[in-house]
Amino acid sequence: MNGVIMAGGFGTRLRPLTHSLPKPMIPMANKPMMEHIVDLLREHGITDLVTLLHFQPELIEGHFGDGAEFGVRMAYVAATEDYGTAGAVKNAQDHLDGTFLVISGDLLTDFDLGAALQFHRERGADLTILLTRVENPLQYGVVITEPDGRISRFLEKPTWSEVFSDTVNTGIYLLEPWVLDLIPPRREFDFSRDLFPLMMREGKKLYGHIAAGYWRDVGDLLEYRLAHQDILAGTVKVKIPGRRVEGLDKAIWLGSGTRVDFTAGLRGAVLIGQNTRVEANARITNSVIGDNCIVEEGAVVADSILWNGVYVGRGAILKENVVGRGSEIKARAHLFEGALISDACRIGEGSVVKADVKVWPQKVVEDGATLSTSLVWGERWSRSLFGAYGVTGLGNIEISPEFAAKLGAAFGATLREHAVVRTSRDPHRTSRIINRAMICGLLSAGVDVHDLRVTPIPVVRYQMGVHGAVAGVHVRKSPYDPELIDIKFFDEQGMDISANREKGIERLFFREDFRRAKIDATGVLGFPEYDVEYYQEGILGFINREAIRARAPKVVIDYSCGSAATIFPAILGKLGCEIIALNAYMDESKITKSAEEFQRSLKQLCEIVRILGADVGILLDTGAEKLFLVDDKGDLLSDELALAVVALLVARTQSPGIIGVPITASAVLEEVVAPHGFQMKRTKIAPRALMEAAAQDGMVFVGDAFGGFIFPRFQPAFDGMLATLKILEMLALSDLTLHEAIRSVPKRASTREQIPCPWEMKGTLMRTLIEATKDDQVELVDGVKIHLGNDWAAIYPDHDKPAFHILVEAATRARAEEIAGTYRDKVKEWLARGAAA
């Protein structure tokens with residue numbers, strides 16, 4: 001039987017270990033990772049192998065040769081271009097004449113491939129994906145299968161809101177040869193993104209087999225260390241080189257020619273390669289030591305991996321480290337947890353390398369020196385750099401100038417040289433520091449910067465590409481927590497950057513391998529003034545000024561001491577409105593409001609509207625992206641009601657089209673807009689998803705049910721200033737007061753709950769939820785939305801917290817609370833059952 005080993009990856013997340021070595025050749029228990037895969041295939045009778053090469057192919061071919069030494073026949077297919085995973089296998093079509101298996105050369109697994117092949121043949125499958133269950137499915141393709149194993153749903157690398165199972169694609173496939181005919185030649189084509197969806201659309205026999213055994217994607221440095229610990233613990237069955245020492249109550253393997261002093265202490269499980277010397281009173285615990293190494297007297301090596309030819313001096317201390325080939329750790333040096341030393345480095349006597357520092361090849365740390373970066377970055381950002389509001393952290397502690405400069409350089413490295421990036425900030429002093437550090441990082445990567453300084457977010461987003469900008473950055477003090485700073489990133493359309501771009505920035509940030517411009521090629525910094533004027537002209541040209549001027553509404557606006565106070569009064573002044581302005585000045589001490597302060601501001605706004613007999617009251621957030629409405633009776637509109645009212649006004653005054661709202665928005669919206677010829681499109685909850693919907697053809701209005709409104713024909717992003725003007729315009733055109741508009745909206749009751757859920761249980765809970773509701777009428781746009789006649793319940797994971805949300809809408813409050821209680825109890829029961837398992 002044929003096996004195809006995919007060995008062409010660059011291993012970027014394992015840099016600097018893969019700086020001069022292809023990922024499949026990285027040592028795993030003292031032999032190349034791919035050698036373990038070859039062992040597994042041979043044990044299951046798969047001996048005719050084709051290895052797909054791309055990066056440094058000569059190193060792989062030089063090690064394995066024709067495969068005879070390893071009990072297999074090995075052929076090679078080298079690609080000159082990256083054709084994607086399926087496209088790469090297509091290149092090997094001439095070598096494949098029957099059912100064949102595809103496997104990555106950089107996995108660690110002991111799956112029973114024979115059982116998988118039996119499953120494949122019994123089902124008569126065209127393609128079978130080997131599946132496994134994991135705690136955190138975000139980095140993998142998530143799969144749902146029918147009881148017979150047929151795949152019913154597949155999603156590659158989801159966000160938490162999209163996770164519908166903890167069952168994931170392992171990257172191991174069994175295929176019939178005719179499947180290759182579906183793959184176009186010499187074109188980028190991916191299994192997960194292209195081939196699987198194509199097969200599902202065409203009704204091909206695509207199955208998933210949940211394989212028994214161990215599987216780990218050795219994708220980063222932490223996974224690399226954990227894989228070694230699993231080998232030492234016997235969790236995964238692999239062939240370990242060397243002789244196991246008999247008669248001990250612990251697992252010790254020694255290679256030929258190795259000498260261990262009788263006073264040395266070997267604790268836990270230890271693997272030591274050939275011709276290595278361990279001297280007196282050295283202590284080695286749960287570690288792998290390569291060939292031709294020296295561990296001198298009194299040295300301590302714990303939970304570490306040392307490649308071939310490493311020297312560890314007297315009294316040196318290594319804990320949870322990886323040390324590359326030929327490196328020297330001199331006497332009394334101390335490597336803290338997670339530090340990585342690449343090939344041919346010298347760490348001097350008495351020096352200290354702090355936690356999670358990476359030392360690139362052929363570097364020298366002088367005697368007695370301390371090499372450090374902040375430990376907090378390795379821990380604080382271990383799950384994800386980006387959150388719901390961009391990159392968020394404690395101001396000047398986590399989000400420090402050093403961190404911001406590094407982040408700016410990583411972002412700049414994703415852009416072409418001398419691309420233009422807009423930067424801006426709110427008026428807070430720490431935002432100014434972080435913004436300038438971001439600018440420094442961008443300039444160092446050879447990117448030009450147009451700094452708008454203190455500017456509302458919608459102005460930064462507006463027609464980004466008109467003056468050549470391809471991206472934007474805004475730094476603000478969090479409106480929700482006085483200790484936090486947010487760094488928001490925008491793409492060339494002014495929308496929040498996509499999840500894929502976020503991951504790209506994260507990879508560069510953690511690799512610390514970003515581009516540095518030469519001395520005469522660094523970026524150019526400019527301070528354009530026309531962007532604000534361009535926005536003012538654009539917004540005045542977009543709205544119906546005559547309608548507003550004829551109505552001459554009395555409006556109370558609370559600027560929340562934000563930067564909108566610098567430009568919006570001038571715009572309003574040209575519309576004939578009577579404006580009563582509150583907090584129309586910038587004050588850095590009032591950017592963030594506590595829940596009590598926010599409610600106090602809303603109450604004050606309601607009272608002033610009522611006392612002055614104003615037509616509308618509006619509170620803008622400090623970034624001028626969102627607004628909160630008060631009607632002409634002085635009553636505050638809830639976020640859900642505000643969305644319904646604005647949607648109604650759009651339907652009554654705009655030409656028919658599409659209105660976009662999140663899947664969790666009220667069902668009332670369809671009732672409100674359908675009579676006017678509008679269609680409703682339901683999207684995911686995330687702001688980026690709503691902006692992407694806004695950019696689609698035919699979209700007239702998008703709202704998020706949290707005070708955010710988008711009018712896409714102006715820009716596909718939230719804009720509180722434009723929304724204010726459009727509400728005034730539509731009230732004038734419809735000849736309605738806000739209170740009259742409210743009375744046209746049907747009433748429904750809703751309730752919302754949050755239930756704690758450990759990160760590692762989210763995928764399991766989603767899978768259980770989908771299985772439990774498979775016979776119900778459900779939507780899987782974002783989490784699971786269950787339709788219960790005219791009522792509904794939505795259950796979905798939080799993006800940034802270990803929690804699930806339950807949102808219910810029903811005809812009455814009692815019915816909504818009853819439904820919420822039912823699903824709350826079920827979720828808690830499923831969580832308890834999962835924890836017990």
Filtering the range 653-669 down to residues that are open to solvent by less than 10 Å² (accessible area, probe 1.4 Å) and within 29 Å of the chain's Cα centre (by Cα) yields ILE659, GLY660, VAL661, PRO662, ILE663, ALA665
Show me the strands (runs of 3 or more DSSP E) found entirely inside the range 9-121 where at least 3 residues are open to solvent by less than 20 Å² (accessible area, probe 1.4 Å). 48-53, 100-104, 107-109
Cβ pairs under 7 Å, 6+ apart or interchain, first in the range 688-708 and under 15 Å from LEU627 (Cβ atoms) and among the acidic types (Asp, Glu), second open to solvent by less than 10 Å² (accessible area, probe 1.4 Å) and assigned to a strand (DSSP E or B), ordered by first then second residue, are ASP704/PRO662
Would you confirm whether any residue within the range 292-303 is free of Cβ contacts under 8 Å to residues at least 40 places away in the same chain, small (Gly, Ala, Ser) and not in a strand (DSSP E or B)? yes
Only one of SER560, SER589 is among the polar types (S, T, N, Q) and in contact with a helix residue (DSSP H, G or I) (Cβ under 9 Å, 6 or more places away or on another chain); which? SER560
For ALA651, indicate whether it is under 19 Å from ILE543 (Cα atoms) and either at pLDDT below 95 or of a type in the set (Gly, Ala, Ser) (or both). yes
Residue that is over 24 Å from LEU443 (Cα atoms) and among the small types (Gly, Ala, Ser), where the choices are GLY472, GLY494, GLY526, GLY541: GLY541
When every residue in the range 330-365 that is in contact with a Ser or Thr (Cβ under 8 Å, 6 or more places away or on another chain) and acidic (Asp, Glu) is compared, the one most open to solvent (accessible area, probe 1.4 Å) is ASP356
Look through ASP148, ASP181 and report the one residue that is part of a loop (DSSP other than H, G, I, E, B), modelled with pLDDT of 80 or more and open to solvent by 40 Å² or more (accessible area, probe 1.4 Å). ASP148
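This table checks each residue for (1) surrounded by 24 or more Cβ atoms within 10 Å (Cβ to Cβ); (2) assigned to a loop (DSSP other than H, G, I, E, B); (3) among the acidic types (Asp, Glu); (4) in contact (Cβ under 8 Å) with a residue 40 or more places away in the chain.
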{"position": "ILE608", "(1), (2), (3), (4)": "no, no, no, yes"}
{"position": "GLY617", "(1), (2), (3), (4)": "yes, no, no, yes"}
{"position": "ALA624", "(1), (2), (3), (4)": "yes, yes, no, yes"}
{"position": "LYS633", "(1), (2), (3), (4)": "no, yes, no, yes"}
{"position": "ALA647", "(1), (2), (3), (4)": "yes, no, no, yes"}
{"position": "ALA651", "(1), (2), (3), (4)": "no, no, no, no"}
{"position": "GLU671", "(1), (2), (3), (4)": "no, no, yes, yes"}
Counting only residues that are more than 14 Å from PRO241 (Cα to Cα) and open to solvent by less than 20 Å² (accessible area, probe 1.4 Å), the range 288-301 contains a total of 4
Looking for something among the charged types (D, E, K, R), modelled with pLDDT of 95 or more and either open to solvent by less than 30 Å² (accessible area, probe 1.4 Å) or under 21 Å from ALA717 (Cα atoms) (or both) - is there at least one such residue anywhere in the range 542-559? yes
Scanning for something at pLDDT 90 or above, within 21 Å of MET34 (Cα to Cα) and open to solvent by 50 Å² or more (accessible area, probe 1.4 Å), does the range 254-270 turn up at least one residue? no
Go through (1) assigned to a loop (DSSP other than H, G, I, E, B); (2) at negative phi; (3) among the small types (Gly, Ala, Ser) one by one and return the number of the condition GLY441 breaks. (1)
Among the residues that make up the range 791-809, is at least one of them in contact with a strand residue (DSSP E or B) (Cβ under 8 Å, 6 or more places away or on another chain) and among the basic types (Lys, Arg)? no
Any residue in the range 699-715 that is surrounded by fewer than 24 Cβ atoms within 10 Å (Cβ to Cβ) and either farther than 29 Å from ALA570 by Cα or polar (S, T, N, Q) (or both)? yes
What pairs can you find where one residue is in the range 440-454 and in contact (Cβ under 8 Å) with a residue 60 or more places away in the chain, the other is aromatic (Phe, Trp, Tyr), and their Cβ atoms are less than 6 Å apart, with a gap of 6+ or different chains? ASP451/PHE527
Qualifying residue in the range 271-280 (condition: closer than 27 Å to ALA369 by Cβ and open to solvent by 10 Å² or more (accessible area, probe 1.4 Å)): yes
Looking only at the range 481-499, filter to residues that are farther than 24 Å from ILE433 by Cα and in contact (Cβ under 8 Å) with a residue 60 or more places away in the chain; which one of those is nearest to the chain's Cα centre (by Cα)? ALA499
Quick test for you: out of ALA749, ALA811, ALA732, ALA803, pick the one residue that is closer than 29 Å to PHE709 by Cβ, small (Gly, Ala, Ser) and modelled with pLDDT of 95 or more. ALA732
State whether the residues of the range 511-521 include one that is open to solvent by 20 Å² or more (accessible area, probe 1.4 Å), in contact with a Gly (Cβ under 6 Å, 6 or more places away or on another chain) and acidic (Asp, Glu). no
Could you check, for the range 480-493, whether at least one of its residues is under 20 Å from GLU537 (Cβ atoms), open to solvent by less than 20 Å² (accessible area, probe 1.4 Å) and modelled with pLDDT under 95? no
Here the residues within the range 216-255 that are touching a residue at least 40 places away in the same chain (Cβ under 8 Å), of a type outside the set (A, V, I, L, M, F, W, C) and assigned to a loop (DSSP other than H, G, I, E, B) are GLY219, ASP220, LYS237, LYS239, PRO241, GLY242, GLY255
Filter the range 312-324 down to residues that are assigned to a loop (DSSP other than H, G, I, E, B) and touching a residue at least 40 places away in the same chain (Cβ under 8 Å) and give me whichever is nearest to the chain's Cα centre (by Cα). GLU320
Does the range 560-595 hold any residues that are surrounded by 16 or more Cβ atoms within 10 Å (Cβ to Cβ), without any contact (Cβ under 8 Å) to a residue 60 or more places away in the chain and touching a Pro at 6+ places or on another chain (Cβ under 8 Å), and which are they? ILE579, ALA584
Give just the number: which of (1) closer than 20 Å to GLY348 by Cβ; (2) open to solvent by 10 Å² or more (accessible area, probe 1.4 Å); (3) assigned to a strand (DSSP E or B) does GLY309 not satisfy? (3)
Looking at the range 420-435, which of its residues are open to solvent by less than 30 Å² (accessible area, probe 1.4 Å) and under 19 Å from LYS406 (Cβ atoms)? VAL421, THR423, ARG425, THR430, SER431, ILE434, ASN435
Considering residues that are outside any strand (DSSP E or B), among the aliphatic types (A, V, I, L, M) and within 13 Å of GLY623 (Cα to Cα), the number found within the range 465-508 is 0
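The values are calculated or read from the model by the stated rules, or taken from the named source; none is laboratory data. Quantities reported herein were computed from a predicted structural model and do not represent experimental measurements. Methodologically, a virtual Cβ is constructed for each residue, glycine included, from the backbone with ideal geometry; neighbour enumeration extends over all protein chains shown. We work out accessible area using only protein heavy atoms, side chains counted, and drop any ligands, DNA or RNA first. Shrake-Rupley method; radii C 1.70, N 1.55, O 1.52, S 1.80 Å.
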